Structure formats: C-alpha cells, structure tokens
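Participant: Attaching a single structure in structure tokens format; questions to follow.
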Amino acid sequence: MESVLDFLESDDIRWSMDFDRYDNFIHVAEVFGYEFEIQKNSRVVQEFLKEKIKSTLYGEGLSQIGFEKLENHLALKYFSSDEIECKNAFTFVGRIRYVINRLRSYSTSYESWVLVRDYLEAYMCLSSYGHNSYSVLFNENKLISESIKFLVEKGFKVSIEIGDICIRKNDEKRLLSAIDYRFKKLGYYSMCLTLVCMSRHYNQSAKRYFFRPEPSMTGEYNTGIPWGYLFNVSLANLHSIKKPKKCDKIFLECLELSKHYFCIKKLQTLNMFSDTNHRFDTILPAIQKNILYDQHFSLDQVSCDHINQMIEGIFSSPSITSLDLDLSIYIDLLKWVSDNAKHDQPLVFSADDFCRGKNYKYCLKDIEEALTFMSFKTNVINSSYLKPDDISRRNYFEKPFVSTQDKYLYLSPVLCNYGFYNCLIELCKSKGVDGSLIGEVAEELVGNLLDKNGVTYHANKEYKVSKTIANELCIQSQKRECDFIIETSDVIIIVELKRKTLTSDARAGDALRSTIDLSQSLLHALAQTGCHEYVLRRNGKIEFEDGSILELSERKVERVALSLFGFFGIQDGAFIYQVLGSLINSKIDSGDAEEDGKVNKYLTELHNQYKTEIFSRLYCREINPFINCRFFSVPQLIEVLSHTANNEQFLVELNRTKHVSTGCKDWFKDYQYIRELQA
C-alpha cells in the first residue's frame, strides 16, 4: 500500500484528467483499439473500458482493505487541507471506486495505475453522469476532516498516516487535560448538566435512552456526542464546589472537544450500508468498533421495570433465601429509588427518607448498613478516569449509590441500577453461593417470566446423543440438555441461556477478548441449539430421559441464544447474521492457542452442523443461512413478554424485528418503532 500511496502523492498532477480530450465514442474506440461488433454506441465502448480498468488494476499486491485505507488516506488529506492536497489523486481514486466499486485485490504496479488513468479518463469523457458524482462516497471522510480541522485550529497536532488518523501523544494528553480541567472546575454540576443534556435522548415509553441514531441513507452525516464518555468522566468529578460562572459555556467546551476527539477515532456508523457486508477480515474489527461505540457514545442501561423484575426474580428465589440470605431490604431499596428517581437529575436521599418511605419496615441501623455497603465515596467512583481506553478505572457499575456526608446519590435509575445486581451477587458469594447456583436461579427467573405471561414450555430436558449422530456432528457428547423449548402450531423455539457478559478487556477494545466473550454467550448457545435442532430433524423427534417426546411434525425451528444482560449493539439481528456468516467457515488465529481455542471450539461445532446434509439442504442455499438464529437478552425477553399472553403471541413478538431494522443497532428502539408501525 505504501508504494502505491507514494506514487499517487508524490506526483499529484500526473493523475489529473482532461475530459475534452476525446470528440466522441468513435474517437475513443479508435484510440484504444476497440472494434465494434453488433452495436455501435457509447455504452459498449464504456463497458469495454470498464473491463479494461478492472483487468489492468487487478493484482495481488494490495488487498481490498488496503485499497480502502488508501481511499481514506487521500480523502482525509484532501478534505482536511481545504481541498488542496492530493486533489488529483483523490479524484482519480474516487472515480475508480465509483466506476468499478471494488476488486478482490489490486496491482501495485505504477505502469498499471497510469494505464488505468488513461482508460478512466476516456470512460469519464463518455459518461452521462457528473464528473464529481463519486464525492458522495466520501461524505464520512468529509465530516471527519471537519473534526481534524477543528482540533488543528485549537493547537493539537493531528496527522494522517497510511489511512489512519493520529494525534501525537503529547497533544492527546493536552486535549484530555483540557477536558479534565473543565470537569474539575464544574465538579458535581458536570453530572447535572450531562443528565439534562442527555434527557433529549430519553424515551418515556421505553423508559430508557435511545442514544444510537439511525445511520444515514442520504450521506448527510452529523458528528455524534460521546455521552458515555462524558457520563463516566462526570462520575469521576462529583466533588462539591460553588457553582462556577458561565457553567453552561464550560460544559459546552467539553462537549465540543470530546465530540471532535471521538469523531477522529471513527467509531460512529454513519452510513446505513457500511456495516452490512462484512468478511472474515473485517468482522473482528467491526465487533470491536461496536463495543467501543457502546462504551463511549451509548451507555449500559436497563429500564427500571426490567431490572426490578430481574433482581426480585433472582434474589427472592427459594434457592437463595434458603441459604440464610435475606436480601429483601436491598430489593425494597431498588423498588423505592426506582419509583422516586428521575432520569434527568440525581436522586438525593437519606436513610431516614427510605425508612419513612417504607413505613418503618426496617430499622435505621440495618438501612444504614445496606446503604454503606452499596455506596461509593465520591473520590472512589471512577477515580481518575479520563483516558477513554483506561476502562479499568471505571467501576461505577459495581455499586448503585454514592455517599456524600449524610446523604446518598442515586445518579440515574436507568444507568446505575446494574450496581444492585453486582452487590447482591457479592453478598451471595460471601455466603458460598457459586456460579452454577446463580445459573440455576437465572433459569428459574426465565421460567417464572414465561409462566407469568402465559407461555408454556419444556425446561431442563435431557436426552441421549447416539454415537451415529455424535459422529455426524463430530462431537464427544453422549448427553445434551435443553434449557427451554416453546412450542407453537408452526414453530418450535429452542432457547439456551448464558450468564456471560462483556469483560473489561473486551470493553477496552481487545478484539480477541471481545470475540471470546461473544463466543461463550452467542456461539456456545447456538452450538447447543444447533445440536438439538439436528437431532430433532434427523429423527423427527427428541426422546427425553423423563419419557416425554418432542415431535418436529414438519414445523420450523427458531434458535435463541439468551444472555442475562445485554451485549447492546452487537446483539442487533442484522449484525449477528454478519458475525455468523463471516466466522462460520473460519478459525481465529491470534497466536495464543489457548485463547483461540475458546472461540474455535464453538465455531468448529457450528461449522460441522452446517456441513451436514440436513442443514446444507435447509439453510445453506438461503441468502441468510442463519435466519433462524437469534440473540436476545433477558431485558429484551421481558419486553417481548410484556406484550404476550400465550405461545402464539410470544412467537409474533419475538419475530417483530427479525426481518426489519432501522440500522441503529438498538433493539428496543427498533422494537418500539415496528410495534407502533404495525399497530
């Protein structure tokens, strides 16, 4: 790539074009040796030139990803220099992309590129389209260049190096220090201003924030504000101060600096179609990009309704209470603060307030002990967090409250409620509760949710795997267990629940760790459901060890990987199809055999399933072989069940978003929109 960039940049005038060079298509045909056969018109000459461009430009020296970086490099240089630098090289490469789209790989020969320039010049002379029609392909780079120019004007050194935007370490440190200085000056007011500004993204009906915008179909892009980052930096600056003058102005300066800083990191998905055609060599960076976007632009969130049902369902279980664990005070605290907190300002309360609110159900001493256990000090929550990828300093999710003098802060009922789950898990562990019991209780929660909403099901059914089927699927298992099976007249829904969530390394941008976390939730569950489906289809039934039988009866099968909490943007249906389609015939090879094995184990199992005659016939001839594979979280399941009264309705609600998406990668936003559209 560097050699191609070198000759494109070093002699920019060489790539200029004269669109008056040829009189007509006859003239072009004579110059390039094209002989007319049946038709004699401009179109056939253009097709001839187009094929010449493709064949001449094709080679093995430059990959498709390399060509994309080359495009970005020239576009960013051009736009960030106010359309001065690399003008001819950029327009030349832009027109190549516009005329032939992309090749699998490209030549690095200078002579080939010069010849392509001649073919392209002739092609454009005959084109009926505007010579600048290609420019819409680079609107994203144009937007990012505005941020580059903003930062440069503010005195920060930003460079473009082989398609990547680089800000010098010292300049990045100065930029982050400028943000830090302003947040420290704002103190507690930074959180108040952040919540007020974020409130425009809050949806009253869904009781959650809709941070993710729908990507543009028109090419009109906007720079997003990294609310996740601003929220987390605000948490690190909850110190009490006298309200500064020009408070709003200081906060707006923070918004501008962080907005443009994150824009050059290219985490936003601006184009509706940019995330819809991934390959093996692009899917892992795409997973990483989506996770990082969720960390810095969106925020982990669970609506009050959903977290209340989850916390009560898990920690009121007889399996927990029978172990001398009375967690009722914590559950009541969650319910009380959920009822009293607002999304646009922190709830400030005392132990007395809660005591009176619950009609003195608990003694003040017990309340104070519970609140102390579930509270940070202001100098501990997200202490010193500033650098975006320093995720280890972000600890706000560990506890729901912040203590200050004799008061407690519940900063957000939607963004801070996961702390209840984390604290109660810690209490359970202190009593010897292990992960397997929590897993059983989580399954019990799902079962109770289904019961409550009129959905009948089979749960925890075991069956033997014959040696023949084990050999066909290349597995060692002699026995398998189904978490949940839900039957309708036309469809069998197989659900496997996993408690796995994203680790800190994954949230910090470690691509391998992200893939491992995803594999242990999504891929593991789908490998299990795939085995169940295969046995069901091969034998026409599954005979469980308790004597019951599940018969296929010519029904379709839906497979659901269910996570306890959300994977957010990754959980988008269309993106999951991209993940599965890109990885199914591949293996992860990072150089760490042990870590790679955690992913490849399930990839191999899925690959073997789709190699079988049964799955090949059913799915591999389809445009989307994984159309019956879904990835949901328990909060999403609760939302689906809130509109459900029986198995048939459950299937309808489960499939609301199956074939439709706005591209925003927020299932709750899509689900609400589609329900309203279909009402």
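Participant: Out of all the residues in the stretch 121-142, is one or more in contact with a Ser or Thr (Cβ under 7 Å, 6 or more places away or on another chain) and surrounded by 21 or more Cβ atoms within 10 Å (Cβ to Cβ)? Steps first, answer last, please.
Facilitator: Initially, the stretch 121-142 is screened for residues in contact with a Ser or Thr (Cβ under 7 Å, 6 or more places away or on another chain), giving 126.
So of that shortlist, the ones also surrounded by 21 or more Cβ atoms within 10 Å (Cβ to Cβ) come out as none.
No.
Participant: Search the stretch 251-266 for residues being farther than 16 Å from residue 176 by Cβ and at pLDDT 95 or above, and hand back the single one that is surrounded by the most Cβ atoms within 10 Å (Cβ to Cβ). Let's see the steps before the verdict.
Facilitator: We begin by selecting, within the stretch 251-266, every residue farther than 16 Å from residue 176 by Cβ; these are 251-252, 266.
Okay, now just the ones that are also at pLDDT 95 or above, so 251-252.
On the way: 251: 24, 252: 14.
The residue in question is 251.
Participant: Hey, among 590, 633, which residue is polar (S, T, N, Q) and in contact with a helix residue (DSSP H, G or I) (Cβ under 6 Å, 6 or more places away or on another chain)? Lay out the reasoning, then the answer.
Facilitator: Values: 633 fails: in contact with a helix residue (DSSP H, G or I) (Cβ under 6 Å, 6 or more places away or on another chain).
Exactly one of 590, 633 is polar (S, T, N, Q) and in contact with a helix residue (DSSP H, G or I) (Cβ under 6 Å, 6 or more places away or on another chain), namely 590.
Participant: Mind listing whichever residues of the stretch 453-491 are of a type in the set (Asp, Glu) and in contact (Cβ under 8 Å) with a residue 24 or more places away in the chain? Walk me through it before giving the result.
Facilitator: First, the residues of the stretch 453-491 that are of a type in the set (Asp, Glu): 462, 472, 481, 483, 487, 490.
Matches in the stretch 453-491: 462, 472, 483, 487, 490.
Participant: State whether one or more residues within the stretch 330-346 are under 25 Å from residue 642 (Cβ atoms) and of a type in the set (S, T, N, Q). If you could, list the steps in order and put the result at the bottom.
Facilitator: Start the filter on the stretch 330-346 by keeping residues that are under 25 Å from residue 642 (Cβ atoms), which leaves 330-344.
Among the residues that remain, those that are also of a type in the set (S, T, N, Q) are: 338, 340.
Within the stretch 330-346, one or more residues are under 25 Å from residue 642 (Cβ atoms) and of a type in the set (S, T, N, Q).
Participant: Continuing with the same structure: Read through the list (1) in contact (Cβ under 8 Å) with a residue 12 or more places away in the chain; (2) surrounded by fewer than 21 Cβ atoms within 10 Å (Cβ to Cβ), then give the number of the only condition that residue 245 fails.
Facilitator: So residue 245 meets the others, but not (1).
Participant: Another one. Regarding residue 151, is this residue modelled with pLDDT of 95 or more and outside the structural domain of residue 243 (by TED's automatic domain parsing)? Quick ask: steps written out before the conclusion?
Facilitator: Numbers: modelled with pLDDT of 95 or more: yes; outside the structural domain of residue 243 (by TED's automatic domain parsing): yes.
Against the criterion (modelled with pLDDT of 95 or more and outside the structural domain of residue 243 (by TED's automatic domain parsing)), residue 151 qualifies.
Participant: Hey, could you check the stretch 148-188 for residues that are surrounded by fewer than 17 Cβ atoms within 10 Å (Cβ to Cβ) and β-branched (Val, Ile, Thr) and say which is farthest from the chain's Cα centre (by Cα)?
Facilitator: Once the filter is applied, the top-ranked residue is 152.
Participant: Please pick out the residue among 319, 338, 383 that is surrounded by 12 or more Cβ atoms within 10 Å (Cβ to Cβ), small (Gly, Ala, Ser) and not in a helix (DSSP H, G or I). Can you show your working first?
Facilitator: Values: 319 fails: not in a helix (DSSP H, G or I); 338 fails: not in a helix (DSSP H, G or I).
The conditions single out 383.
Participant: Kindly list the number of the only condition in (1) exposed (fewer than 12 other Cβ atoms within 10 Å of the Cβ); (2) more than 40 Å from the chain's Cα centre (by Cα); (3) not in a helix (DSSP H, G or I) that fails for residue 17.
Facilitator: The failed condition is (1).
Participant: In the same structural domain as residue 525 (by TED's automatic domain parsing) and surrounded by fewer than 18 Cβ atoms within 10 Å (Cβ to Cβ): does that describe residue 392? Talk me through it step by step, then tell me what you get.
Facilitator: On the way: in the same structural domain as residue 525 (by TED's automatic domain parsing): no; surrounded by fewer than 18 Cβ atoms within 10 Å (Cβ to Cβ): yes.
When the stated conditions are applied, residue 392 does not pass them.
Participant: On to the next question. Which of the helices (runs of 4 or more DSSP H) contained wholly in the stretch 67-185 include at least 1 residues that are closer than 30 Å to residue 244 by Cβ and in contact (Cβ under 8 Å) with a residue 60 or more places away in the chain?
Facilitator: In the stretch 67-185, 139-153 are the helices (runs of 4 or more DSSP H) which contain 1 or more residues that are closer than 30 Å to residue 244 by Cβ and in contact (Cβ under 8 Å) with a residue 60 or more places away in the chain.
Participant: If you don't mind, there's one more thing I want to ask. When the stretch 318-358 is examined, which residues are found to be polar (S, T, N, Q), over 20 Å from residue 304 (Cβ atoms) and modelled with pLDDT of 95 or more? Give the derivation first.
Facilitator: Here is the first cut: in the stretch 318-358, the ones polar (S, T, N, Q) are 319, 321-322, 328, 338, 340, 345, 350.
Adding the requirement that they be over 20 Å from residue 304 (Cβ atoms) leaves 319, 321-322, 350.
The one that is polar (S, T, N, Q), over 20 Å from residue 304 (Cβ atoms) and modelled with pLDDT of 95 or more: 350.
Participant: So, in the stretch 267-305, exactly how many residues are among the aromatic types (Phe, Trp, Tyr), at pLDDT below 90 and buried (at least 21 other Cβ atoms within 10 Å of the Cβ)? Break it down stepwise before answering.
Facilitator: Going through the stretch 267-305, the residues among the aromatic types (Phe, Trp, Tyr) turn out to be 273, 280, 293, 297.
Filter once more, keeping what is at pLDDT below 90: 273, 280.
From what is left, the residues that are buried (at least 21 other Cβ atoms within 10 Å of the Cβ) are none.
Residues meeting the conditions: 0.
Participant: Would you mind stating whether residue 403 is closer than 25 Å to residue 240 by Cβ, touching a residue at least 12 places away in the same chain (Cβ under 8 Å) and small (Gly, Ala, Ser)?
Facilitator: On the way: closer than 25 Å to residue 240 by Cβ: yes; touching a residue at least 12 places away in the same chain (Cβ under 8 Å): yes; small (Gly, Ala, Ser): yes.
Answer is yes for this residue.
Participant: A further question on this structure: Residues in the stretch 422-430: is at least one over 30 Å from residue 235 (Cβ atoms), more than 28 Å from the chain's Cα centre (by Cα) and not small (Gly, Ala, Ser)?
Facilitator: Taking the stretch 422-430 and keeping what is over 30 Å from residue 235 (Cβ atoms), we get none.
Taking every residue of the stretch 422-430 in turn, none turns out to be over 30 Å from residue 235 (Cβ atoms), more than 28 Å from the chain's Cα centre (by Cα) and not small (Gly, Ala, Ser).
Participant: Here's another thing I want to ask about it. Take the conditions touching a residue at least 40 places away in the same chain (Cβ under 8 Å), part of a helix (DSSP H, G or I) and either in contact with a helix residue (DSSP H, G or I) (Cβ under 7 Å, 6 or more places away or on another chain) or in the same structural domain as residue 69 (by TED's automatic domain parsing) (or both) and apply them to residue 211. Does it pass?
Facilitator: Taking the combined requirement at face value, the residue does not satisfy it.
Participant: List the number of the failed condition for residue 363; all other conditions in (1) farther than 21 Å from residue 312 by Cβ; (2) surrounded by 19 or more Cβ atoms within 10 Å (Cβ to Cβ) hold.
Facilitator: With respect to (1) farther than 21 Å from residue 312 by Cβ; (2) surrounded by 19 or more Cβ atoms within 10 Å (Cβ to Cβ), residue 363 is out only on (2).
Participant: Output yes when any residue across the stretch 620-631 is assigned by TED's automatic domain parsing to the domain that holds residue 502 and in contact with a Pro (Cβ under 8 Å, 6 or more places away or on another chain), and no when none is.
Facilitator: Step one: list which residues in the stretch 620-631 are assigned by TED's automatic domain parsing to the domain that holds residue 502, which gives 620-631.
Adding the requirement that they be in contact with a Pro (Cβ under 8 Å, 6 or more places away or on another chain) leaves none.
For the stretch 620-631, residues assigned by TED's automatic domain parsing to the domain that holds residue 502 and in contact with a Pro (Cβ under 8 Å, 6 or more places away or on another chain): absent.
Participant: Could you tell me which numbered condition residue 464 fails, if it satisfies all but one of (1) within 30 Å of residue 318 (Cα to Cα); (2) modelled with pLDDT of 95 or more; (3) not aromatic (Phe, Trp, Tyr)?
Facilitator: (1)
Participant: Assuming residue 456 fulfils every condition listed in (1) surrounded by 15 or more Cβ atoms within 10 Å (Cβ to Cβ); (2) β-branched (Val, Ile, Thr); (3) modelled with pLDDT of 95 or more apart from one, which condition is it?
Facilitator: Of (1) surrounded by 15 or more Cβ atoms within 10 Å (Cβ to Cβ); (2) β-branched (Val, Ile, Thr); (3) modelled with pLDDT of 95 or more, only one is false for residue 456: (1).
Participant: So residue 360 passes all but one of these: (1) assigned to a helix (DSSP H, G or I); (2) over 30 Å from residue 436 (Cα atoms). Which condition number does it fail?
Facilitator: (1)
Participant: Output the number of the condition that residue 504 fails; it satisfies all remaining conditions of (1) under 19 Å from the mean Cα position of the chain (by Cα); (2) buried (at least 17 other Cβ atoms within 10 Å of the Cβ).
Facilitator: (2)
Participant: Continuing with the same structure: Within the group 516, 492, 570, which residue is under 13 Å from residue 631 (Cα atoms) and among the aliphatic types (A, V, I, L, M)? Show your work before the answer.
Facilitator: Working: 516 fails: under 13 Å from residue 631 (Cα atoms); 492 fails: under 13 Å from residue 631 (Cα atoms).
Checking each option against the conditions leaves just 570.
Participant: Sticking with this one: Please specify each residue of the stretch 398-421 satisfying the condition of being surrounded by 15 or more Cβ atoms within 10 Å (Cβ to Cβ) and either farther than 17 Å from residue 195 by Cα or more than 28 Å from the chain's Cα centre (by Cα) (or both).
Facilitator: Of the residues in the stretch 398-421, the ones surrounded by 15 or more Cβ atoms within 10 Å (Cβ to Cβ) are 398-404, 408-421.
Hits for the stretch 398-421 are 398, 399, 402, 403, 404, 408, 409, 418, 419, 420, 421.
Participant: Does the stretch 95-112 hold any residues that are surrounded by 22 or more Cβ atoms within 10 Å (Cβ to Cβ) and either of a type outside the set (Ser, Thr, Tyr) or not assigned by TED's automatic domain parsing to the domain that holds residue 57 (or both), and which are they? Working first, answer last.
Facilitator: As a first pass, look at the stretch 95-112 and keep what is surrounded by 22 or more Cβ atoms within 10 Å (Cβ to Cβ): 95-96, 106.
95, 96, listed by residue number.
Participant: Does the stretch 462-477 contain at least one residue that is of a type in the set (S, T, N, Q), surrounded by fewer than 17 Cβ atoms within 10 Å (Cβ to Cβ) and under 31 Å from the mean Cα position of the chain (by Cα)?
Facilitator: Looking only at the stretch 462-477, we keep the residues that are of a type in the set (S, T, N, Q), and these are 466, 468, 471, 476-477.
With surrounded by fewer than 17 Cβ atoms within 10 Å (Cβ to Cβ) added as a condition, the list becomes 466, 468, 471, 476-477.
Now narrow it down to the ones that are under 31 Å from the mean Cα position of the chain (by Cα): none.
No; the residues of the stretch 462-477 include none that is of a type in the set (S, T, N, Q), surrounded by fewer than 17 Cβ atoms within 10 Å (Cβ to Cβ) and under 31 Å from the mean Cα position of the chain (by Cα).
Participant: Tell me, yes or no, whether the stretch 33-44 has at least one residue that is in contact with a helix residue (DSSP H, G or I) (Cβ under 6 Å, 6 or more places away or on another chain), among the hydroxyl-bearing types (Ser, Thr, Tyr), free of Cβ contacts under 8 Å to residues at least 40 places away in the same chain and not in a helix (DSSP H, G or I). Walk me through it before giving the result.
Facilitator: Going through the stretch 33-44, the residues in contact with a helix residue (DSSP H, G or I) (Cβ under 6 Å, 6 or more places away or on another chain) turn out to be 34, 42.
Narrowing further to those that are among the hydroxyl-bearing types (Ser, Thr, Tyr): 34, 42.
With free of Cβ contacts under 8 Å to residues at least 40 places away in the same chain added as a condition, the list becomes 34.
Narrowing further to those that are not in a helix (DSSP H, G or I): 34.
The answer is yes, given that some residue of the stretch 33-44 is in contact with a helix residue (DSSP H, G or I) (Cβ under 6 Å, 6 or more places away or on another chain), among the hydroxyl-bearing types (Ser, Thr, Tyr), free of Cβ contacts under 8 Å to residues at least 40 places away in the same chain and not in a helix (DSSP H, G or I).
Participant: Where residues in the stretch 366-379 are without any contact (Cβ under 8 Å) to a residue 60 or more places away in the chain and surrounded by fewer than 15 Cβ atoms within 10 Å (Cβ to Cβ), which of them is nearest to residue 188 (Cα to Cα)?
Facilitator: 377
The values are calculated or read from the model by the stated rules, or taken from the named source; none is laboratory data. Keep in mind the model is a prediction, meaning the values are calculated, not measured. We place every Cβ from the backbone using ideal geometry, glycine too, and count neighbours over all the protein chains shown.
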